[in-house]
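> I'd like to ask some things about the structure below.
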């Protein structure tokens, strides 16, 4: 395992070293110590690395990640795993705003709570939150799946497109065009798989969740729906 | 019937026939008017400025003999690989989706042949555009449609779009008629539905966050790419200053004459400021920070000729960008399609329903039959010709002012024809040394 002291060696050196590993298969285990809330830790990685960050991170940790598994042994600042393409990001603690924003692939696991706008504009990412999520989560979410073991805040799934939302606890309110939908067998199977991969299968069962999705009434502009926007 | 003279019909200056027609249209449809392009109202503009030319106090350069350089560097502040363009006229961001694939290809061909850059748009990077653009600027927009790190790295610069001149504070809308299978796939959305582009970025708010976002993009691209920040002409002094503070290499400033693929007419006509009013404020912000020429300024919105280029640069811009003019050069609104414009209820040079995807010229459409009418090789050649003419015109003016580089043009080379233009541009009214709002005007 490579141990990188971020406090001593600096962010540019870390990301430069990680980017240089594109296409290589050896030297895949990395440990980052002394992150001290730095921003953009392991942003833009494009290799099947296993990176463990020992501490909490600032903004945009694992931004645009491809292929790597990035474990945060603390909490994550705003925009963790933003625009992730593939791979996994697993956070032991909480996540701040915009977790997984615009993510296009990969798996984001938040073992604590996620703040507001979790999964905003998500485009294919899978998100599993063991705790609660804040208001305006999954706003304009286009595709992908979000699983929440706890409660959801106000305006869940506002202006939702085709993303699938599953919440086990309460939903304070649904956003425009977001409705509860029937849970079918394929959804239970999807949930079972995601709970397992999200390290939450011992905490919850698929049957305990409710499904939310788009009513698709706002997909094409209609003046009679203007009050819904 | 009386023989007395009748009062002739008198139209209201407030409720004109055009206004009344819009009221009737709104009442009949219940929908506000959506269109493409920029403002159509008359505004103080570059036409209201004149160059003084050289005489005894300044001597000119020989038009066909003495050198007048036109090149420009962009991104010299932080980027390891700044951009060097042969001419200071760049192609503004216009999306694949709003434009056809062949039209994007033509923009790349024409820009590359003329030695300048083109810019992606909302919807991601296409192979046509990347393949045919020697220098390609990749827009980073609130929607993040098609955004991915591979395209970030194969771009030559990154433009973070905060706003645009046609609709400062507004997002975008690509109506379902233009959402083909390919456009839908690039944007991760179902075919045929209206696609909204948010007005704010999803993962940052305010200048402090923007600074961190810029740092993240630099880290992802190993600090190689110049990072532009594009702002609409709303509060150019403060927005420019904040973009500089956030770490931008280049500020792109778009006045309200700048076009859009589609938005509400009320937004286009009533929000934002003319580019003439925006440039001096942005330049002052850069000068106050000691960053003029260190952070480059690209301005856009109603640039049509080499005279406009020269005037924008004399006011302090490092380069300009063109969008609407580039489309016209490609063949948009060409009178040769007049019979088809008539069928659409409009006429050449007035067609602006770009969002409907029925463009007879095959440029602002995703319809295969219509887009097949457009020849990207010919279109690229026309754009190259136009860019060359603009450059020659700007050089002609610069030499007449005694300048051996377009960047040596200065406000002292200009005078204004109207009080409004003088006040906005910060140059004196012709024949005086009066700059309204700045001095008393005594000779």
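The values are calculated or read from the model by the stated rules, or taken from the named source; none is laboratory data. Nothing here was measured: the structure is a model prediction, and the numbers come from that model. Positions of Cβ are generated from backbone atoms using ideal geometry, with glycine treated the same way; all protein chains shown enter the neighbour counts.
> Which residue out of A:58, A:77 is touching a residue at least 40 places away in the same chain (Cβ under 8 Å) and over 11 Å from the mean Cα position of the chain (by Cα)? Steps first, answer last, please.
Values: A:58 fails: touching a residue at least 40 places away in the same chain (Cβ under 8 Å).
Within the list A:58, A:77, the selection yields A:77.
> Which residue pairs have Cβ atoms closer than 6 Å, lie 6 or more positions apart in sequence or on different chains, and pair a first residue in region B:173-197 that is closer than 19 Å to residue A:216 by Cβ with a second residue that is in a helix (DSSP H, G or I)?
Within 6 Å, the pairs are B:175/B:355; B:177/B:356; B:191/B:181; B:191/B:184; B:192/B:176; B:193/B:176; B:194/B:176.
> Still on this structure, please answer the following. Here is a list of conditions, (1) buried (at least 23 other Cβ atoms within 10 Å of the Cβ); (2) out of contact with any strand residue (DSSP E or B) (no Cβ under 8 Å at 6 or more places or on another chain); (3) farther than 20 Å from residue B:236 by Cβ, and residue B:408 meets all of them except one; can you say which number that is?
Status for residue B:408: all satisfied but (1).
> Which numbered condition trips up residue B:384, out of (1) assigned to a helix (DSSP H, G or I); (2) out of contact with any helix residue (DSSP H, G or I) (no Cβ under 6 Å at 6 or more places or on another chain)?
It fails just one condition, (2).
> Considering only region B:84-101, I want to know if a residue exists there that is more than 14 Å from chain A (Cβ to nearest Cβ), modelled with pLDDT under 95 and in a helix (DSSP H, G or I).
Scanning region B:84-101, I find at least one residue that is more than 14 Å from chain A (Cβ to nearest Cβ), modelled with pLDDT under 95 and in a helix (DSSP H, G or I), so the answer is yes.
> I want to confirm something. Restricting to region A:17-32 and keeping residues that are buried (at least 16 other Cβ atoms within 10 Å of the Cβ) and not in a loop (DSSP other than H, G, I, E, B), which single residue is farthest from the other protein chains (Cβ to nearest Cβ)?
Here is the first cut: in region A:17-32, the ones buried (at least 16 other Cβ atoms within 10 Å of the Cβ) are A:18-19, A:21, A:28, A:30-32.
Filter once more, so that each one left must be not in a loop (DSSP other than H, G, I, E, B): A:18-19, A:30-32.
On the way: A:18: 10, A:19: 6, A:30: 16, A:31: 19, A:32: 14 Å.
My answer is A:31.
> Counting residues that are more than 14 Å from chain A (Cβ to nearest Cβ) and crowded, with 20+ Cβ neighbours inside 10 Å, which helices (runs of 4 or more DSSP H) fully inside region B:111-223 reach at least 2?
On the way: elements: B:127-132, B:149-154, B:181-186, B:206-220.
It comes to B:127-132.
> Kindly list the number of the only condition in (1) more than 10 Å from chain B (Cβ to nearest Cβ); (2) in a helix (DSSP H, G or I); (3) in contact with a strand residue (DSSP E or B) (Cβ under 6 Å, 6 or more places away or on another chain) that fails for residue A:14.
So residue A:14 meets the others, but not (1).
> Looking at (1) without any contact (Cβ under 8 Å) to a residue 60 or more places away in the chain; (2) within 27 Å of residue B:255 (Cα to Cα); (3) more than 22 Å from the chain's Cα centre (by Cα), which is the one condition that is false for residue B:133?
Result: residue B:133 fails condition (3) only.
> Determine which member of the set B:351, B:341 is buried (at least 24 other Cβ atoms within 10 Å of the Cβ) and at pLDDT 95 or above. Working first, answer last.
On the way: B:341 fails: buried (at least 24 other Cβ atoms within 10 Å of the Cβ).
None of the others qualify; the one that does is B:351.
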